[in-house]
Amino acid sequence: MSNDARTEAPAVDYRALLEEERASLEHQLGELGFGGVSGTGLSYDSNFADSSQVTAERGEAEALAGELRSALSDVERAIVRFDQGTFGVCERCGQAIAPARLEAKPAVTTCIACASIHR
Ligand SMILES: [Zn+2]
C-alpha cells in the first residue's frame, strides 16, 4: 500500500455509522409502538388502563423508549455536528475525541477524560 492523497480522510465513515444508528433506534422505537418522529404516538390507550399487566408493560416500554429517544437525540446532534464540521471534537474541552471512542460510539460528544469527570 502506498500513500495517496487521502491523508485527511477518516478511516471510518462516521456519518454512515450515525445514520445507521439513527435508523436502528427509530426502528426500535417503532417496534415499541412509539413510532419515531412521524409515528402515530402511543399505541396504548385508556381501553387498556384496567390491566395492571399492560400498565406495567407500558411503563417498561416508556422507560425503554425514553432511553432510545435520548440516544436518538444524541445521534441526531452528532449528525448536525458532523455537518457543522465539529464532529469528533469534545463539547466540553474542545480536544479531539479518540477515534477508537468514536468508532465504538459515534454519537459521543465528549472525550474520555470529560466523560469520566461527568459521570
Ligand atoms: Zn473533553
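What follows draws every value from the coordinates through simple rules; no lab data is involved. A quick note: this is a predicted structure, and the numbers were derived from the prediction, not measured. In this analysis, Cβ positions are derived from the backbone assuming ideal geometry, glycine residues included, and neighbour counts consider all displayed protein chains.
Data for the structure
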{"item": "Residue within the range 103-113 that is over 24 Å from Leu29 (Cα atoms) and buried (at least 16 other Cβ atoms within 10 Å of the Cβ) present", "result": "yes"}
{"item": "Residues located in the range 70-119, provided they are more than 16 Å from the ligand (Cβ to nearest atom) and either touching a Leu at 6+ places or on another chain (Cβ under 7 Å) or not in a helix (DSSP H, G or I) (or both)", "result": "Ala71, Leu72, Val75, Ile79, Phe82, Gly85, Pro106"}
